[in-house]
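Novice: This is the structure, below, for whatever I ask next.
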Amino acid sequence: MANWTDHQRQKNAVTAMNLQTNELVRRVRKEFQGVDLQTPETEAYEEENDYEDWTFDEESEQQVLAETFKRFWTAWCVAEYILEKDPSKFGAQSFSLIALGRMLETVKASHLM
């Protein structure tokens, strides 16, 4: 970072960059999650199917976790491929770390089942 004569201005700039970085990471993580598999809130409520939805289907949840893990793993592989081709490529390392973090979260979630 450049030399700053006004320390308050430097502090404000660093705070702004941190906020922007946090928001960017939050959005990338959300995009990684993909389509929400839960019932959308806008969908009409059907009382007759209410109890069927409450049953726990462990096999389908494991399939969802497996597909989610594959998505994160693919993103990590792409980021690593880009880094091999051009290590100075902007954002590839951060993208790779986010994907790796999501992979680890998915593994952890699968062990809690």
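Novice: Return the FRET efficiency for the residue pair Q20, S60: r is the Cβ-Cβ distance, R0 is 35 Å, and the value is rounded to the nearest 0.05. Present the calculation step by step, with values, prior to reporting the outcome.
Specialist: Numbers: r = 38 Å, r/R0 = 1.09.
Efficiency computed from Cβ-Cβ geometry: 0.40.
Novice: Taking the full set of protein chains and a 1.4 angstrom probe, give the accessible area of F95 in square angstrom, rounded to the nearest 10.
Specialist: Here the residue's solvent-accessible area equals roughly 70 Å².
Novice: For S94, S60, give the ranking by accessible area with the largest first, probe 1.4 Å. Let's see the in-between values first.
Specialist: Values: S94 70, S60 45 Å².
From most exposed to least exposed: S94, S60.
Novice: Mind checking which lysines have their Cα closer than 29 Å to the Cα of K89? Skip sequence neighbours fewer than 8 apart in that chain.
Specialist: Filter leaves K11, K30, K70.
Novice: At a 1.4 Å probe radius, which order do I98, I82 fall into by accessible area, largest first?
Specialist: On the way: I98 25, I82 65 Å².
My answer, sorted largest first, is I82, I98.
Novice: Taking all protein chains together and a probe of 1.4 Å, list S96, S88, S110 from the most accessible to the least accessible. Working shown, then result.
Specialist: Details: S96 10, S88 95, S110 50 Å².
Of S96, S88, S110, the descending order of accessible area is S88, S110, S96.
Novice: Would you kindly find the accessible area of E31, with a 1.4 Å probe and non-protein molecules such as ligands, DNA and RNA excluded, rounding to the nearest 10 Å²?
Specialist: In the full protein context, E31 sits at about 140 Å².
The values are calculated or read from the model by the stated rules, or taken from the named source; none is laboratory data. Computed from a predicted structure; not experimentally measured. Glycine also receives a Cβ, built like all others from the backbone with ideal geometry; neighbour counts cover every protein chain displayed. Ligands, DNA and RNA are excluded from the accessible area calculation, which covers all protein heavy atoms including side chains. Shrake-Rupley method; radii C 1.70, N 1.55, O 1.52, S 1.80 Å.
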